[in-house]
Amino acid sequence: MSSERHIFIEDIRPVVDCGRYPAKRVAGETCVVEATIFRDGADIIRAELRWQRDGDAPILTTPMHLVNRGLDAWQGEFKVTASGDFSFSIEAWTDVYATWVRELDRKVSAGRQDLSSEMAEGLTLIEPLLARANKAERAVLAEAKAALQPGSDPRMALAVVSRQDVEQAAAKLQSREDAVVSESYPLFVERKRALFGSWYEMFPRSMTNSTARSGTFEDAEKHLEYVRDLGFDVIYLPPIHPIGRTARKGKNNSLVAGSEDPGSPWAIGNENGGHDAVDPSLGTVEDFRHFVKAANDMGIEIALDFAIQCSPDHPWVKEHPEWFYHRPDGTIKYAENPPKKYEDIYPINFDSPAKESLWQALKGLLVHWIECGVTIFRVDNPHTKPFVFWEWVIREIHQDYPDIVFLAEAFSRPPIMKALAKIGFTQSYSYFTWRNNKHELIEYLTELTQGEIANYYRPNFFANTPDILTEYLQRGGPPAFRIRFLLAATLGSTYGIYSGFEFFENVATAPGKEEYLNSEKYEIKVRDWTQPGMKDLIALVNQIRCENPALQELRNISFFPAENDQILFFAKMTSDRSNILLIAVNLDPFQTQDANVRVPLDQIGLPWGSRFNVRDLLSGAVYNWGEYNYVRLDPARLPAHILRIEGH
């Protein structure tokens, strides 16, 4: 009979779509593998986790442990220390020696007198192991062999053969005649930035003191200290390329542009070049390289927008008309989303007969900007392009540049957003932006961090974007900005804000609209960067994030009871519980809220009745807490506690 009829390995996790796509982790993380493992009959089984980095790396192993006997649930883990493609599998087999020891124990306990046959059976199991044992293992197995000689006391023999060192030696050395090995499943490991980062979005052209003059990369370079002092480690730039002139949009997205209107950066391309060029008003490609290096020297990475669309003036329109959609009369189609028309943008035809050259050209653009120092791409509307293209191009890029991060800007239906994450996008925009009440936040964060989606989908919690000024921010004023910032920075491991957020900019074009009035997408915006706003709070929280590893993880959140629907109370802790944060946030931007909150002591590794000190990392205050506690949060002052358990 085949061994598969005896031992079964099922429900392996983390596995994405039966192994069609890899689960994701970052270097330094521990990958916990779970499975249901059992066999027919009552024999004892063993299991081990096997993993390797794809290629010529050796297979490494670690024992798995039975964590729930009633459900035959097993668990093992391994730590990945480098990025790249990995694979893992599980091997399970019958532990004949442990099964024999258990039966001997039962018979001794039952008072059986003649156990000579059982003792002889033990000898037949131990003797083959001696030939494969090292010096230390031979010593302990020799003791077991001596204890089983004819005439030996079964009770005394049992005490020896059941010793942990003997059983461990036997488990290691015995043959695995009925071993079953599961399928191998992929795991993609990325660098830490894939999981943890604080993003700041800014328009280089607005780094100026006058709307009459575009800011340059040199001006933006002078602004780097500002961003660094706020504690951000990623600066995201909208498209920096030449902007089309045909059908250029004016202020507030008007259809007629004035002579001084700079246009939308997403209408890419004019006589000065296309996606591989920079707008002359910003400087040159060399100026951009200098800006990137200056940012890197400050510990800041540059994320660049990758928007695959062209203005009618883009060089590709003349050089490669075959890459676009055409009407029956031969003219090129512009983008439409009825009733809206986008005469300033031509969409790309990814399925044209010339798609091979198009795809290679698009890959070449990514390589061009990577060689200019870009390490992150925020991809504009990837869900409107073929998924097969993204799967191909991301795989191609990662073969030569494995540390490149891709963020999917796709506010779409859940299956589409999930599919983009599966096919290779490192991070994704999320619905967090519109989740405001306690029930919504708990439900959504539980799905993102505890469900199967957590194995491949990493959300980036942007609190606002140039396209999204939520009603909550419009109505709630400065307290709403503080609340949404604190939620974004503590619930998720990666979050972002769009510049102006720190100054509570919240004027929309009209009630019920999420578009900013006088949007920076269509004009140069001059700001007073010296005004206070909430800069001090942002800098403090970003420092807290860097100093507390619990805030650098995603799947480590636990929601705790708070007797008020306006108070969200949760914990974030490292797996070894060396860093435990208790976080309470008032979700009401208009009124002070209070609540009794409960800390389930067993969940944070403390015995019943414990008292402990917590330090509020926002205010510096120290409190003595236990299982039941009281919080009172004023949104006009400080709408949250970030409490770190001290001396734990």
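The values are calculated or read from the model by the stated rules, or taken from the named source; none is laboratory data. Bear in mind the structure is a predicted one, so any value in this text is a computation, not a measurement. Backbone-built Cβ (ideal geometry, glycine too); neighbour counts: all protein chains shown. Heads up: the accessible areas ignore ligands, DNA and RNA and are worked out on the full protein's heavy atoms, side chains in. Shrake-Rupley method; radii C 1.70, N 1.55, O 1.52, S 1.80 Å.
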Output the residues belonging to the range 200-259 that are among the charged types (D, E, K, R), surrounded by fewer than 22 Cβ atoms within 10 Å (Cβ to Cβ) and either farther than 26 Å from residue 542 by Cβ or touching a residue at least 60 places away in the same chain (Cβ under 8 Å) (or both).
213, 218, 221, 225, 228, 229, 233, 245, 251
Please indicate, with yes or no, whether at least one residue in the range 557-579 is at negative phi, assigned to a helix (DSSP H, G or I), in contact with an Asp or Glu (Cβ under 8 Å, 6 or more places away or on another chain) and open to solvent by less than 10 Å² (accessible area, probe 1.4 Å).
no
Mind checking which residues of the range 154-165 are of a type outside the set (Gly, Ala, Ser), under 13 Å from residue 119 (Cα atoms) and open to solvent by less than 80 Å² (accessible area, probe 1.4 Å)?
154, 158, 160, 161
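Going by what's in this entry, would residue 544 be described as among the aliphatic types (A, V, I, L, M), within 18 Å of residue 482 (Cα to Cα), surrounded by fewer than 21 Cβ atoms within 10 Å (Cβ to Cβ) and in contact (Cβ under 8 Å) with a residue 12 or more places away in the chain?
Numbers: among the aliphatic types (A, V, I, L, M): yes; within 18 Å of residue 482 (Cα to Cα): yes; surrounded by fewer than 21 Cβ atoms within 10 Å (Cβ to Cβ): yes; in contact (Cβ under 8 Å) with a residue 12 or more places away in the chain: yes.
Taking the combined requirement at face value, the residue satisfies it.
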Picking from 351, 380, 400, the residue that is under 28 Å from residue 86 (Cβ atoms) and among the charged types (D, E, K, R) would be 400
Restrict the check to the range 488-505 and report whether at least one residue is within 30 Å of residue 255 (Cβ to Cβ), open to solvent by 20 Å² or more (accessible area, probe 1.4 Å) and outside any helix (DSSP H, G or I).
yes
Among the residues of the range 624-648 satisfying the criterion of being surrounded by fewer than 16 Cβ atoms within 10 Å (Cβ to Cβ) and aromatic (Phe, Trp, Tyr), which is farthest from residue 588 (Cα to Cα)?
628
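Can you find a residue in the range 593-604 that is open to solvent by 20 Å² or more (accessible area, probe 1.4 Å) and under 26 Å from residue 469 (Cα atoms)?
Residues of the range 593-604 that are open to solvent by 20 Å² or more (accessible area, probe 1.4 Å), as a first pass: 593-594, 596, 598, 602-603.
Add one more test, that the residue is under 26 Å from residue 469 (Cα atoms), and what stays is 593.
Looking through the range 593-604, at least one residue is open to solvent by 20 Å² or more (accessible area, probe 1.4 Å) and under 26 Å from residue 469 (Cα atoms).
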Here the residues within the range 420-439 that are under 14 Å from the mean Cα position of the chain (by Cα), in a loop (DSSP other than H, G, I, E, B) and not small (Gly, Ala, Ser) are 425, 426, 429
Near pairs, Cβ below 6 angstrom, 6+ apart or cross-chain, from the range 180-199 (surrounded by fewer than 19 Cβ atoms within 10 Å (Cβ to Cβ) and of a type in the set (D, E, K, R)) to any residue that is modelled with pLDDT under 95 and not in a strand (DSSP E or B)
191/83
Selection from the range 16-28 of residues out of contact with any Pro (no Cβ under 7 Å at 6 or more places or on another chain), closer than 12 Å to residue 188 by Cα and either open to solvent by less than 20 Å² (accessible area, probe 1.4 Å) or not in a loop (DSSP other than H, G, I, E, B) (or both) yields 21, 24, 25, 26
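Please find, within the range 79-104, the residue that is surrounded by the most Cβ atoms within 10 Å (Cβ to Cβ) out of those that are among the β-branched types (Val, Ile, Thr) and in a strand (DSSP E or B).
Initial filter on the range 79-104 (among the β-branched types (Val, Ile, Thr)): 80-81, 90, 94, 96, 99, 101.
From what is left, the residues that are in a strand (DSSP E or B) are 90, 94.
Details: 90: 24, 94: 22.
So, considering only residues that are among the β-branched types (Val, Ile, Thr) and in a strand (DSSP E or B), the one surrounded by the most Cβ atoms within 10 Å (Cβ to Cβ) is 90.
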Filtered residue count, the range 432-449, keeping only those that are open to solvent by 40 Å² or more (accessible area, probe 1.4 Å) and out of contact with any strand residue (DSSP E or B) (no Cβ under 8 Å at 6 or more places or on another chain)
8
Out of all the residues in the range 399-417, is one or more in contact with a helix residue (DSSP H, G or I) (Cβ under 7 Å, 6 or more places away or on another chain), touching a residue at least 60 places away in the same chain (Cβ under 8 Å) and either surrounded by 24 or more Cβ atoms within 10 Å (Cβ to Cβ) or closer than 18 Å to residue 189 by Cα (or both)?
yes
Going through the range 277-321 in order, the residues found to be surrounded by fewer than 20 Cβ atoms within 10 Å (Cβ to Cβ), of a type in the set (A, V, I, L, M) and assigned to a helix (DSSP H, G or I) are 285, 294, 317
Residue match in the range 367-389 (condition: within 25 Å of residue 471 (Cβ to Cβ) and open to solvent by 20 Å² or more (accessible area, probe 1.4 Å))
yes
Conditions (1) touching a residue at least 60 places away in the same chain (Cβ under 8 Å); (2) out of contact with any strand residue (DSSP E or B) (no Cβ under 8 Å at 6 or more places or on another chain); number of the one not met by residue 152
(1)
Please work out if residue 466 is buried (at least 17 other Cβ atoms within 10 Å of the Cβ), closer than 30 Å to residue 256 by Cβ and not polar (S, T, N, Q).
yes
Can you pull out the residues in the range 619-648 that are in contact (Cβ under 8 Å) with a residue 40 or more places away in the chain, of a type in the set (A, V, I, L, M, F, W, C) and more than 17 Å from residue 594 (Cβ to Cβ)?
642, 645
Scope the range 384-405; condition hydrophobic (A, V, I, L, M, F, W, C) and either under 21 Å from residue 17 (Cα atoms) or assigned to a helix (DSSP H, G or I) (or both); matching residues
387, 388, 389, 390, 392, 393, 394, 397
Quick one: how many residues across the range 29-78 are buried (at least 16 other Cβ atoms within 10 Å of the Cβ) and in contact (Cβ under 8 Å) with a residue 60 or more places away in the chain?
6
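Quick one: is residue 536 in a loop (DSSP other than H, G, I, E, B), under 20 Å from residue 200 (Cα atoms) and open to solvent by 10 Å² or more (accessible area, probe 1.4 Å)? Working first, answer last.
Numbers: in a loop (DSSP other than H, G, I, E, B): no; under 20 Å from residue 200 (Cα atoms): yes; open to solvent by 10 Å² or more (accessible area, probe 1.4 Å): yes.
Judged against the criteria, residue 536 is not a match.
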Given (1) at positive phi; (2) under 26 Å from the mean Cα position of the chain (by Cα), residue 487 misses just (1)
Given the conditions (1) open to solvent by less than 80 Å² (accessible area, probe 1.4 Å); (2) assigned to a loop (DSSP other than H, G, I, E, B); (3) of a type outside the set (Ser, Thr, Tyr); (4) touching a residue at least 60 places away in the same chain (Cβ under 8 Å), and given that residue 590 satisfies all but one, which numbered condition is not satisfied?
(1)
Scanning for something over 24 Å from residue 362 (Cα atoms) and in contact with a helix residue (DSSP H, G or I) (Cβ under 8 Å, 6 or more places away or on another chain), does the range 234-255 turn up at least one residue?
no
Given the conditions (1) open to solvent by 30 Å² or more (accessible area, probe 1.4 Å); (2) at pLDDT below 95; (3) over 23 Å from the mean Cα position of the chain (by Cα), which single one is not true for residue 355?
(2)
